[in-house]
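First comes the structure, then the notes that go with it.
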Amino acid sequence: MSPSQFLRILTQPSAWKRRPLFAVLLISAIAIIVGSLTTVAQNTRSTKVVATFLPMYLFTKAVSGSSQEVEILVPPNVTAHEYQASPSDARKLAQAEILVKNGLGMETFLSGLVANAGNPQLKQIDASQGIEPLKEEDHDHGHSHGHSHAEGNPHVWLDPILAQKQVANIREGLIAVDPKNAQTYRANAEAYIKQLQELDQEFKSRLGSVKDCKFIAFHDAYPYLARRYGIQQMAVLDLPDDSISPRDIQRVMAAVKEYQVQALLSEPGVNDSRLQQISNDVGLPVKTLDPIETGSLDPQYYFTAMRKNLNTLEGICQ
Ligand SMILES: [Zn+2]
């Protein structure tokens, strides 16, 4: 049969009457071809995974390896605390299959965003599932910029033990959605968890003999880390973003006196000249601790940053 004959059969209504068997066979063949093409597409398409902010991206990327496309929602130079979602984020979530979040109130921008994405198929992985949060302390003396979290303190990723739980939660979530890559997820998670265990051992052995280690932070990021290794985050003082007033310096000085701390802990990217001024006035060093809310997208960045944090803590603790 030539193509033109074939077309004629298809377009002549009488042809279908004359050759019912042919029509049935043709329709079946088309159905089979379309069906198998769809199956091929489903098998070769990778699951699109979106992680909310830096540590969630690092852990998810470590577990998925090259088997998934992982995107980050909050750009890695912006902290999730001050993030405002954009329309392009809603589009990312509309096309995603999996959303990985820290939870515990960290991603306040997320609820409206998920609703706007209109993607009922989106599977959310809560990396903090099963972790008992610490209450967020009310240690701030009369100054706050909407930084309190009703669900507790969200900075659990800074404890290498709780980070292992987060990695395991992400692994289980990925396997549930994408079981055919289960072996890859298990192997990758195991390797990353092993590195977290080694990191924990380093913290334990190097901070184990510390007797007196108290600090003041300007961001309530370290209660889990401090609890794990017997150091003490004595106070968290919010400083205004623009200019430090004499009253702010008085608050820091009062806390330094009250808690007998060894250091003031700032973080990467914070305006150092203002803190240097406070440091001079209170006679204590300003050191940098990295909350890993911003930084590099390489999953190994977590370890680089945490080892720097360990060096800093070892330097100020006695
Ligand atoms: Zn934070």
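Some points to look at:
- Listed residue pairs exceeding 32 Å between alpha carbons, taken from LYS61/LYS204; LYS92/LYS308; LYS48/LYS204; LYS101/LYS211: LYS92/LYS308; LYS48/LYS204; LYS101/LYS211
- Net charge of neighbours whose Cβ lies under 11 Å from the Cβ of ALA182, counting Lys and Arg as +1 and Asp and Glu as -1: +1
- Euclidean distance of C-alpha centroids, region 236-279 and region 68-122, integer Å: 33
Laboratory data are not the source of any read-out in this text; all were calculated from the coordinates shown. Quantities reported herein were computed from a predicted structural model and do not represent experimental measurements. FYI the Cβ positions are ideal-geometry reconstructions off the backbone, even for glycines, and counts take in every protein chain you see.
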